[in-house]
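First up is the structure itself, then whatever we jot down about it.
Any read-out appearing in this document is the output of simple, stated calculations on the displayed coordinates, not a laboratory observation. What you are looking at is a predicted structure, and each value in this text was computed from that prediction instead of being measured. Virtual Cβ from ideal backbone geometry, glycine too; neighbours counted across all protein chains shown.
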Amino acid sequence: MKVRKAVIPVAGLGTRFLPASKAIPKEMLTIVDRPTIQYIVEEVVASGIDQIILVTSEGKSAIENHFDYNFELDTVLREKHKLDLCEEVCNISNLIDIVSVRQKKPLGLGHAIWSTRNVVGNEPFLILLGDDLVQSDTPCCQQMLNLYDQVGESVIAIQHVPRDETHHYGVVEGTAVRDRVYRVDRLIEKPAPGTTDSDMAIIGRYLLQPEIFDLLEKTSPGHGGEIQLTDALLALAKKRPMYAYEFEGTRYDAGDKLGYLKAIIAFALRHRTLAGPFRDHLKEVCSAL
Ligand code: G1P
């Protein structure tokens, strides 16, 4: 069945990014010339998906506004003959069909995903977490869709991380099937040090079968007292095959202050007009260190 929908949960408080995220959603913080969330949406669009479902909460309306048509801005830019800018701004509202669902209580990522069950319906769908930016030649979601076309089962993107960092992630234990592909045996959310030998960390890209919704409904609070998507994934992996996929590209944790700085540098160095002058500036800064 064709994958048509992508869920992007953006309801979180963004505590890792305070004070910057006090009055604006962390997803709206700028990376070079656009908010973080726009990179995520562009990855979805580039992967041929038809609809995005945002899971929002109070205080996140700036995200919806960003992807909406702004009549006043459009009029002013036209009057000032700034047609290129006008077109660029207008294009954002035409990128893709976006609907929003409210997460009524902050009960965790699993609960946020469960909140979309009626909009997603009975079809496979993607999930992208807004903190995880992936820079790659082929969009990470597209890579996952390519694998899904072959295996027809859930696919979770992973990367190998240093073993002393696994407790920051959901971790997959699996058996190699072929290059970059593993059959998932077990999943553990934020494993305590020494409780797993695996270094395969889940990054925020999932392609899931809709059975996940029934399993989320039955999932009790887990790590941190929250309903964890990882726990429901374990239940799903027990019912039908699930694959972990080591994607090609570099992932940046833009929800972390240092990760965010690294993302800015990486995306600036690929920017159409800024890459050249920015590279020159970086060389100057580095030689003065
Ligand atoms: C979430 C998931 C975790 C995953 C991580 C990737 O954790 O629960 O399994 O490894 O995203 O970014 P969070 O970062 O929200 O604590």
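Which semi-axes, in whole Å and largest first, does the equivalent ellipsoid of the range 191-239 have when worked out from the alpha carbon gyration tensor as the square roots of 5 times its eigenvalues? If you can, show how the numbers build up before the last one.
Working: eigenvalues 79, 41, 20 Å².
Equivalent-ellipsoid dimensions as semi-axes: 20, 14, 10 Å.
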Inter-part distance where the range 14-40 and the range 101-120 are each reduced to a Cα centre, Å: 21 Å
Length gained when the stretch Glu72-Ala46 is fully extended (0.36 nm per residue, less Cα-Cα span): 6.5 nm
Karplus-derived HN-Hα couplings along the range 58-75 (A = 6.51, B = -1.76, C = 1.60, θ = phi - 60°), whole Hz, x at Gly and Pro: 4, x, 10, 5, 4, 5, 5, 4, 4, 9, 8, 7, 10, 4, 4, 4, 4, 5
Spin-label zone in the range 109-144 - amide nitrogen under 20 Å from a point set 7 Å from the Cα of Asp33 along the C-beta vector: 134-136
Relative contact order computed over the chain (Cα-Cα under 8 Å; 6+ residues apart), in percent: 22 percent
Signed unit charges on C-beta, dipole axis of the chain, positive-most listed residue Gly276, Pro124, Ala288: Pro124
Reduced Cα scattering model of the range 221-289, Debye log10 I(q)/I(0), q = 0.14, 0.29 Å⁻¹: -0.70, -1.13
Separation between Cα centres of the range 125-139 and the range 191-234, rounded to whole Å: 18 Å
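Determine the calculated [θ] at 222 nm for the chain from helices alone, applying -39500 (n - 2.57) to every DSSP H run no shorter than 4 residues and normalising by the residue count; nearest 500 deg cm²/dmol. Write out the running numbers ahead of the final one.
Working: 11 runs with 101 residues, N = 289.
It comes out at -10000 deg cm²/dmol, rounded to the nearest 500.
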Amide H within-cut-off set for Glu189, under 5 Å, with H built and near neighbours excluded: Val171
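May I ask what percent, to the nearest 5, of DSSP beta bridges between residues of the chain are antiparallel?
Expressed as a percentage, antiparallel bridges in the chain total about 60.
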Rg [Å, one decimal], Dmax [Å, integer] - the chain, C-alpha atoms: 19.5, 63
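Run the numbers for Asn91 and Glu173: contour at 0.36 nm per residue of separation, minus the present Cα-Cα distance, in nm. Don't jump to the answer; show the numbers that get you there.
On the way: separation 82, 0.36 × 82 = 29.52 nm, distance 4.18 nm.
This chain segment gains 25.3 nm when fully extended.
Summing Lys, Arg as +1 and Asp, Glu as -1, what charge do residues with Cβ under 12 Å from the Cβ of Glu72 carry, Glu72 excluded? Mind showing how you got there, number by number?
Values: positive: Arg78; negative: Asp68, Asp74, Glu79.
Net local charge, Glu72 excluded: -2.
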Distance histogram for the range 1-63 (every C-alpha pair counted, 5 angstrom bins, percent rounded to whole numbers): 4, 17, 25, 23, 16, 8, 4, 1, 0
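When averaged across all projection directions, what area in nm² does the alpha-carbon convex hull of the range 51-142 cover? If you can, show how the numbers build up before the last one.
Working: hull surface 31.5 nm².
The number I arrive at for the range 51-142 is 7.9 nm².
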Shape category assigned to the range 125-266 from the gyration tensor of Cα positions, a/c cut at 1.5: rounded
Under 14 Å from Lys26, Cα to Cα: aspartates and glutamates that are on another chain or at least 8 residues apart: Glu58, Glu64, Asp131, Asp132, Asp253, Asp256
Pairwise FRET efficiency - Lys2 versus Asp185, Cβ, R0 = 30 Å, nearest 0.05: 0.55
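Got the relative contact order for the range 140-225 handy, in percent, Cα pairs under 8 Å and 6 or more residues apart? The partial results should precede the final answer.
Details: 114 pairs, mean separation 29.8, N = 86.
Computed value for the range 140-225: 35 percent relative contact order.
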Pairwise Cα inverse-distance average, inverted: Kirkwood Rh of the range 103-205 (Å): 15.2 Å
Per-selection metrics, the range 36-78 (Cα): Rg and Dmax in Å: 12.7, 34
